[in-house]
Amino acid sequence: MCGIVGIVSNEQVNQQIYDSLLLLQHRGQDSTGIATMQGNVFHMHKSKGQVKEAYRTRDMRALKGNIGLGHVRYATSGAAHREDEVQPFYVNAPYGIILVHNGNLTNTRELEKELFSIDRRHTNSSSDTEMLLNVLATEIQSHIHGNSLSPEDMFAAVTSLHSRVDGSYAALALISGFGLLAFRDPYGIRPLILGHRVLNNGKKEWVLASESLVVENNDFEVYRDVLPGEAIFISNEGEIFSKQCSSNSDLFPCSFEYVYLARPDSVMNGISVYEARLKMGDYLANTIKNQISSGDVDVVMPIPDSSRPSAMQVARGLGVEYREGFFKNRYIGRTFIMPGQAQRKKSVRQKLNAMSSEFKNKNVLIVDDSIVRGTTSKEIVQMAKLAGANKVYFTSAAPPIRFPHVYGINMPSKKELIAYDKSINEVEKILTVDKLVYQEINDLEKAILNDSNINDLDMSCFNGHYITGNITNEYLDWVESNYFS
């Protein structure tokens, strides 16, 4: 999963993009990059690590221009440790294009062959983002009419790109001398929000970002979501053009954005992340009532931070006291996106500390947003017991994750998923809890969709239904073999 931002302004954008990436840091901590455009000239700096560590004063000063984009990453495709995998990516023709991408392409094997044998293009990494950039460059080259590049040429290129590329992608591209191009896959799996700001002289400035909090915290107003299959072009002068570039588009946003990944103060696809998590807690409380007697629970506790809204509603629904028993060290990265199991296990104790006064001789109901690999959950249960808990009940605001996620969340291997081939009772024993309760799939769907106009979600990691329709067992086996190679 990644976070992306692009800004077209009347002033230097380097600081605005940097501030935006700080707001998106929760979406990836492996690496980061910023590119700006000054006339026909690109300036770029990218580095491994977090935003606050990656940019020095001299780096920021070199990022000149009134238009630019930025990226934070954790690896779902490509190698996390290789510097040549860090975004943005660049090609010099046509004109010069720099691109950042949030998502996961699912036909990279086919694209790799096409790019080399048909398009005569070379990719220097295993990143699907570099492939996406080269497909875009090829299609723009083939759709140029006359002596310049028009918005219609770009939209025709994106239309052809949609026919060649499978999977999830929200992408931003700087085209040298022209402006900023944004496009979203026909299913809208990954989020992309458009914001604007009207200046005193009547001119507009624009921002595109993965989450609405970036728009609002930079003093822009949310204009709308980029539609599934849509492309938007913003010129250097701030003139905006848009077109639907897919004849078969429909919105299926990723449910895991609302369960875990996005910040609660964001609104994506018209759905408040915070409100969705509150609803998850409401539905989960009803499920818990059918499996655990409320008289057997002394306190409800969240695993900070993303499960806090759900835990508050669980406590309210059960009529049980809500307490904060785990203290979080905010200088440790999110354990779910740590690259290895050993590192995840080690980081849990560094990240969380259990306060004994809140656990001693109590029956504790712990609420987490989800249970993926189970490493973190098992460590948390042990911490609660060592802190003196009498009984430990564990609940998940999400259903059991039984299938790989191939659209941009780092869950490519069913072997790593604790619930993949196990019953709830078997998972319960592994976690050493007195009772384990999961959210029902239908309840999660209702909690997220609520009163929205959206008809469906991508819930493939819960139900095994891959909405792009081209995910075979052979493909999943190939992904798994590459993941462990």
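Taken one residue at a time, the phi angles of region 425-442 give Karplus couplings (6.51, -1.76, 1.60, θ = phi - 60°) of 5, 5, 5, 4, 5, 5, 7, 6, 9, 6, 7, 10, 10, 9, 5, 7, 4, 4 Hz. Gly and Pro are set to x.
For K243, list the lysines whose Cα falls under 20 Å from its own Cα; do not include residues on the same chain fewer than 8 positions away. Cross-link targets: K204.
The residues packed around F89, meaning those with a beta-carbon under 10 Å from its beta-carbon, carry a net charge of -2 if Lys and Arg are +1 and Asp and Glu are -1. Alpha carbon centre of region 189-215 versus region 380-449: separation in Å? The distance from the Cα centre of region 189-215 to that of region 380-449 comes to 36 Å. By other beta-carbon atoms within 10 Å, ranking H196, H162 with the fewest at the front produces H196, H162.
Considering only L352, L457, L284, and ranking their Cα positions along the charge dipole of region 272-458 that arises from unit charges at the beta-carbon of Lys, Arg, Asp and Glu, the one farthest toward the positive end is L352.
Projecting the Cα positions of I4, P94, N134 onto the charge dipole of region 1-142 (unit charges on Cβ atoms of Lys, Arg, Asp and Glu, taken about the Cα centre) puts I4 furthest along the positive direction.
Taking 24 Å as the limit for the C-alpha separation, the pairs K385/K415; K48/K351; K328/K360 exceed it in the case of K385/K415.
Expressed as a fraction of 2.2 N^0.38 Å, the value expected for a compact globular protein of N residues, the C-alpha radius of gyration of the chain is 0.99. Estimated from helices alone, the mean residue ellipticity of the chain at 222 nm is -9000 deg cm²/dmol (sum of -39500 (n - 2.57) over DSSP H runs with n ≥ 4, per residue).
Against the main long axis of the alpha-carbon atoms of the chain, helix 308-318 sits at an angle near 40°. Taking amide H positions as modeled 1.01 Å from N, with prolines and chain starts lacking one, the residues under 5 Å from Y322 and 5 or more places away or on another chain are V300.
This model, with +1 at the C-beta of Lys and Arg and -1 at the C-beta of Asp and Glu, gives the chain a dipole about its Cα centre of some 1700 debye. Multiplying the residue separation of S356 and V222 by 0.36 nm and subtracting their alpha-carbon distance yields 43.8 nm. Each label point was placed 7 Å from the Cα along the Cα-to-Cβ direction; for S163 and S142 their separation is 0.8 nm. The modelled label-to-label distance between N124 and N248, using points 7 Å beyond Cα along the C-beta direction, is 3.7 nm. Residues of the chain were split at every exposed loop site, defined as chymotrypsin sites (Phe, Trp or Tyr not before Pro) in a DSSP loop with at most 12 other C-beta atoms within 10 angstrom, and the longest piece left, sites excluded, is 1-330.
Note on region 272-458: with charges restricted to the Cβ of Lys and Arg (+1) and Asp and Glu (-1), its dipole about the Cα centre is near 900 debye.
Our coupling estimate for region 450-457, obtained by passing each phi through the Karplus curve with A = 6.51, B = -1.76, C = 1.60 and θ = phi - 60°, is 6, 9, 6, 8, 7, 8, 7, 10 Hz, Gly and Pro reported as x. Histogrammed with a bin width of 10 Å, the alpha carbon distances of region 2-251 distribute as 8, 35, 40, 16, 1, 0 percent, first bin at zero. Between A62 and S293, the contour length at 0.36 nm per residue exceeds the Cα-Cα span by 77.0 nm. Only one residue of A62, T159, L23 has its Cα farthest out toward the positive end of the dipole of region 2-251, where Lys and Arg carry +1 and Asp and Glu -1 on Cβ, and that residue is A62. Here the 3J(HN,Hα) profile of region 117-123, calculated from phi with Karplus coefficients 6.51, -1.76 and 1.60 at θ = phi - 60°, is 8, 9, 7, 6, 10, 10, 10 Hz, Gly and Pro shown as x.
A short reminder: the numbers here are calculations on the coordinates, not readings from a lab. Treat the numbers as computed from the prediction; the structure is a model and nothing was measured. For neighbour counting, all protein chains shown are included, and Cβ atoms are generated from backbone atoms with ideal geometry for every residue, glycine included.
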